[in-house]
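The values are calculated or read from the model by the stated rules, or taken from the named source; none is laboratory data. It should be emphasised that the depicted structure is a prediction, and the values quoted were computed from it without experimental measurement. All Cβ positions, glycine included, derive from the backbone under ideal geometry; neighbour counts span all protein chains shown.
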Amino acid sequence: MSEMSRLRPGDTIGILGGGQLGRMLAQSAASLGLKTHVLCPDPDSPAFEVCTTFTVAAYDDMEALDLFAGSVGVVTYEFENVPGETAAYLDARVPVRPGARALEIAQDRLFEKRFLSGAGVPIARFAEIASQADLETALADFGGKGVLKTRRFGYDGKGQQMIRTPADAAGAFDRLGAVPAVLEDLVSFDCEVSVIAARDVNGDTACYDLARNHHEDHILKTSTVPAGVSRETAHAARSMAERIVSGLDYVGVMGVEMFLVKDATGEKLLVNEIAPRVHNSGHWTQDACLCSQFDQHVRAVAGWPLGTAERHSDAVMENLIGADVDGWEAVLADPSARLHLYGKSQTRAGRKMGHVNRISTRISAQVSAKTG
């Protein structure tokens, strides 16, 4: 790696996106002596409150992008729907980490599934859907059941249709918006788990312990560590995540979501999706690890060596969604809890307003180490 691609304390990281993830990245960067420049079209972005400088501009404003690129040593992003053209334009001027390929794959569920399958990672069966006729054909192969999802721009349960009966299937493609889609086999799983993986510019990787995730109304509510799985399952999850980040020549932190399936033969994992950024299910690392996922991402994109992914405590992360944030005083009264609020000016149903990490003495171990 050339010294030109390695930042020094006092240099600036550019962040595309000004939400809570960008906010926490900027806070971690500051703690490591780095400055941040956030670009986002929303003038009320919570990251603007904590970054060194910010630009309110659209992601396709080329003049703003030129000025942005000229002010930073590297660019990263806090959400995966940054336009691919924006990433490519910036990458011609300044290193973009993670790279444009990770964005391209994560933005399209079909590309993502093809990549994962090609990488030898187990996933649920899927089919490309471009019409209602395609859907009917695929459902016949899938036993009449499945999850129909848009290829692009779906999150927190949006952009999908659950199909369990012929009535669900009738007109489902049109109800989804008649846009390119994929049908996933309906998997009977015990729970969702996730791994936060990191990879640096030298190819070294580090994975945090597996978290068990609980959703309410399709939005993540809690992530619990340890996840209560076998040591073999924890090792398999880490190996899958490492294979994914290495296959993408990835630099930065990635969230890898998986289904835990239990049957007579034991536990197995199916990768559901990847997120090329710091991830909600990794917020527990802020208070249960010496090096959080945000610190880790900053280190990686700055060209610095990774920190340890070991945890010193057990943890339960709870998202404060909508009116949940009104209970902030009770959280402050809990000696085991640490409150993280995002500074959002308006409370709305379904909106992530903050989170709380509840920490306890570590009572069990999982595989978690830095590897070369």
In the range 193-233, residue farthest from Asn280 (Cα to Cα) [restricted to those that are among the acidic types (Asp, Glu) and buried (at least 18 other Cβ atoms within 10 Å of the Cβ)]: Asp200
Residue match in the range 231-249 (condition: without any contact (Cβ under 8 Å) to a residue 40 or more places away in the chain, closer than 23 Å to Asp185 by Cα and either among the hydrophobic types (A, V, I, L, M, F, W, C) or in a strand (DSSP E or B) (or both)): yes
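It is to be established whether one or more residues within the range 314-327 are at pLDDT 95 or above and within 27 Å of Val96 (Cα to Cα). Reasoning before the result, please.
Filtering the range 314-327 down to residues at pLDDT 95 or above leaves 314-327.
Next, from what is left, pick out any that are within 27 Å of Val96 (Cα to Cα): none.
Checking the range 314-327: not a single residue is at pLDDT 95 or above and within 27 Å of Val96 (Cα to Cα).
Under the condition of being crowded, with 22+ Cβ neighbours inside 10 Å and part of a helix (DSSP H, G or I), which residue from the range 1-27 is farthest from the chain's Cα centre (by Cα)? Reasoning before the result, please.
Step one: list which residues in the range 1-27 are crowded, with 22+ Cβ neighbours inside 10 Å, which gives 7, 13-18, 20-26.
From the residues that got through so far, the ones that are part of a helix (DSSP H, G or I) too are 20-26.
Values: Gln20: 13, Leu21: 10, Gly22: 12, Arg23: 15, Met24: 14, Leu25: 13, Ala26: 17 Å.
Taking the candidates together, the pick is Ala26.
Checking the condition without any contact (Cβ under 8 Å) to a residue 12 or more places away in the chain and not assigned by TED's automatic domain parsing to the domain that holds Val271, which residue from Ala47, Ala102, Ala92, Ala29 passes?
Numbers: Ala47 fails: without any contact (Cβ under 8 Å) to a residue 12 or more places away in the chain; Ala102 fails: without any contact (Cβ under 8 Å) to a residue 12 or more places away in the chain; Ala29 fails: without any contact (Cβ under 8 Å) to a residue 12 or more places away in the chain.
None of the others qualify; the one that does is Ala92.
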Only listed residue being touching a His at 6+ places or on another chain (Cβ under 8 Å), surrounded by 15 or more Cβ atoms within 10 Å (Cβ to Cβ) and of a type in the set (Val, Ile, Thr), chosen from Thr150, Thr76, Thr86: Thr76
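Criterion first (surrounded by fewer than 19 Cβ atoms within 10 Å (Cβ to Cβ), free of Cβ contacts under 8 Å to residues at least 24 places away in the same chain and under 23 Å from the mean Cα position of the chain (by Cα)) does Gly159 satisfy it?
On the way: surrounded by fewer than 19 Cβ atoms within 10 Å (Cβ to Cβ): yes; free of Cβ contacts under 8 Å to residues at least 24 places away in the same chain: yes; under 23 Å from the mean Cα position of the chain (by Cα): yes.
In short, yes.
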Boolean, Asp209 is of a type outside the set (A, V, I, L, M, F, W, C), at negative phi and in contact with a helix residue (DSSP H, G or I) (Cβ under 8 Å, 6 or more places away or on another chain): yes
